[in-house]
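Note sheet for the following structure.
A short reminder: the numbers here are calculations on the coordinates, not readings from a lab. The model shown is predicted, which means the values in this text are computed figures rather than measured ones. Here the Cβ positions follow ideal geometry from the backbone for every residue, glycine too, while neighbour counts run over all protein chains shown.
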Amino acid sequence: MDLQYGGNVILLFSLGLTLAQPCEKTDNVVSGIVNLSAEVRKIDNKITNLLERLEARPTVNTGLLDFYAVKKGDCVGYDISGHNVDKETCAVLCHQHCQCVGFVYTLRPEESIRCWLKHEICDTPTNIGETQTYYKHCKRRSLGLLDYYAFKEGTCEGNDISSYDVDKETCAVLCHQDCQCVGFVYTLHNEASIRCWLKREICETPTSMTKTQTYYKHCGKRPLGLLDLYAFKEGDCSGNDISSHDVDKETCSVLCQQQRQCVGFVYTLHPEASKRCWLKREICDTPTSLSETQVYYRHLGKCL
């Protein structure tokens, strides 16, 4: 072999190795970026799917929906936000928002957003099918006994305790006064001489009947009270009082519910206290130690 030729071959071979090394490194980097991008896309898809599931998931019955008055129809405008959630979740979202005084909910199939939170709401909704306007009671009126019942459209036959020709609120009172009563059927049919039917047992799926509703006394247990919607801690929070009252604890929770400023209350059982209920416009997260005294938070300290 010619030495010069051999030297050129070796030189070219060495140069090829030198040039090949950066190319291999570049290929590895590019390959890594491609793989990373694929992983990012997978994660992004998972997050998107999770958010879609969270947005559309049904919730357990918190009972909050029972504290709203409802009218058929729509109230246009004054939207805070819109959500594609079930009705119970919509009620929770409204209660967690300080400005929300109610919401409009629609079941129309063409609507992608079903729940519309409102910072103002009309008294007379416009007539739109499959749409209802819900009013937060602290804005409209104090709670009545009827508000502590869940209801479904339709009737449940049989298992009657007694029947009365009374209004719906009175029917709810009569049921609560009867230990056996787990609910009632109420009809608005013009030809009905009896409108209220108290039940000792009640079906889960009412049979279809127009202008008739089945009311459930919270699974036959005691009625849900407003106090059940408060979290509480032992101790006291001083200052930021709206007003004070010498009332029982349940009444104190009702008074707070009726005040839009009220975010909770302090209640004491001290025998020397002339006032037991103290409504608060602001409330501490960590109460100071005080015996026989509790701090109640409206929806875990969130304003309604």
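Modelling each spin label as a point 7 Å along the Cα-to-Cβ direction, I'd like the residue 113/residue 241 distance in nm, to one decimal.
4.4
Normalised by the empirical 2.2 N^0.38 Å for globular proteins, what value does the Cα Rg of the range 150-220 take? Before the final figure, lay out each step's value.
Numbers: Rg = 10.7 Å, N = 71, 2.2 N^0.38 = 11.1 Å.
The range 150-220 yields a ratio of 0.96.
Between their Cα atoms, which of 152/249; 118/152; 87/136; 199/249; 87/280; 168/199 are more than 19 Å away from each other?
Values: 152/249 31 Å; 118/152 25 Å; 87/136 14 Å; 199/249 30 Å; 87/280 30 Å; 168/199 14 Å.
The pairs that break the limit, which is 19 Å between Cα atoms, are 152/249; 118/152; 199/249; 87/280.
Among the GluC sites (Glu not before Pro) within the range 236-283, which fall in a DSSP loop and have no more than 16 other Cβ atoms within 10 Å of their own Cβ?
Values: sites: 250, 272, 282; in loops: 272, 282.
Listed in order of number, the matching sites are 272, 282.
If you project the alpha carbons of the range 64-140 onto their three principal axes, what span does each projection cover, largest first, in Å?
31, 24, 22
Taking 51 Å as R0, compute the FRET efficiency from the Cβ-Cβ separation of residue 205 and residue 289 and round it to 0.05. Each step should come with its number before you reach the end.
Numbers: r = 51 Å, r/R0 = 1.00.
According to the calculation, E is roughly 0.50.
Hey, what D do you get for the range 226-298 in µm²/s if you plug the Kirkwood alpha-carbon radius into Stokes-Einstein at 37 °C and 0.692 mPa s? Numbers along the way, then the final one.
Working: Rh = 11.8 Å.
It diffuses with D of about 279 µm²/s by this estimate.
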